[in-house]
Each structure stands twice: as C-alpha cells, then as structure tokens.
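Read through the structure below, which is laid out as structure tokens, and then see the notes.
None of the figures in this text is laboratory data; all of them are computed from the coordinates on show. The model shown is predicted, which means the values in this text are computed figures rather than measured ones. Positions of Cβ are generated from backbone atoms using ideal geometry, with glycine treated the same way; all protein chains shown enter the neighbour counts.
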Amino acid sequence: MTTPHERRVGELDARRRVIADLEALIGSSTGSVPAADVAKAFEHGIALLPPNSKLLGTFEGLAQRLRREGSGRIAESGLRQLHTRLRREAEDVGRVVDARDARLRAKHG
C-alpha cells in the first residue's frame with residue numbers, strides 16, 4: 001500500500017506525463033489531433049497512477065470517452081485549453097508535493 005504522499009507523487013508524475021504527451025501532440029498538430037492519440041496520452045498517465053489514486057477514474061473516463069470518438073479529431077484549440085488546465089493543476093499540486101518531497105528527502109537523507 002502506498003502512503004498518501006507516495007500517491008500524490010505518483011499522481012503528479014502521471015499529470016506531468018500527460019502534459020508532456022499533449023505538448024508533443026500540439027507541437028505536431030496541423031490544426032487537429034486524432035482523439036485516439038489523446039486517449040493514448042491519458043492511458044500513459046494511467047499506467048503511472050497508484051491503484052488508490054483519485055485521478056484513476058478521471059483519466060480512465062477521459063480515455064474511454066476519447067476512444068468512443070473512434071476516428072474523431074480534436075481541435076488544437078481545445079487540446080491547448082485542456083493542456084493549460086492540466087498544467088495549471090500540476091503546477092499547483094507540484095508546489096506542495098515537491099516541497100514536501102524535498103523535506104522528506106532531507107530528513108531521511
């Protein structure tokens with residue numbers, strides 16, 4: 001079983017992975033991105049989440065909805081909005097989690 005801090009670190013890592021994948025999709029976009037590629041980004045994040053993660057249901061739900069879109073495409077502007085929101089959340093969470101992680105590492109040397 002993971003501690004709450006370990007869960008938060010795993011969730012932050014997963015968020016950062018999804019953000020990096022979305023950045024790559026936006027960078028290679030010609031105006032829209034296949035929904036399946038965006039679903040893969042969330043599935044990569046899911047793989048990093050601990051089993052007791054609160055984000056698991058959210059990421060799984062998004063990936064499933066995107067998969068149902070089939071061959072649909074997502075406008076780059078919508079993807080940018082999603083990326084911005086996720087990045088802002090990761091930055092907010094990251095400030096707290098990274099600071100706590102640094103304190104724990106210093107304490108346990």
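Looking only at segment 21-51, count how many residues are part of a helix (DSSP H, G or I) and surrounded by fewer than 14 Cβ atoms within 10 Å (Cβ to Cβ).
3
Only one of (1) surrounded by 16 or more Cβ atoms within 10 Å (Cβ to Cβ); (2) at positive phi fails for Ala14. Which number is that?
Ala14 satisfies all of (1) surrounded by 16 or more Cβ atoms within 10 Å (Cβ to Cβ); (2) at positive phi except (2).
Tell me, which residue of segment 52-63 that is surrounded by fewer than 16 Cβ atoms within 10 Å (Cβ to Cβ) and either touching a residue at least 24 places away in the same chain (Cβ under 8 Å) or among the hydrophobic types (A, V, I, L, M, F, W, C) (or both) is nearest to Arg87 (Cα to Cα)?
Out of the qualifying residues, it is Lys54.
Tell me yes or no: at least one residue of segment 52-64 is under 15 Å from the mean Cα position of the chain (by Cα), in a helix (DSSP H, G or I) and of a type in the set (Lys, Arg).
There is no residue in segment 52-64 that is under 15 Å from the mean Cα position of the chain (by Cα), in a helix (DSSP H, G or I) and of a type in the set (Lys, Arg).
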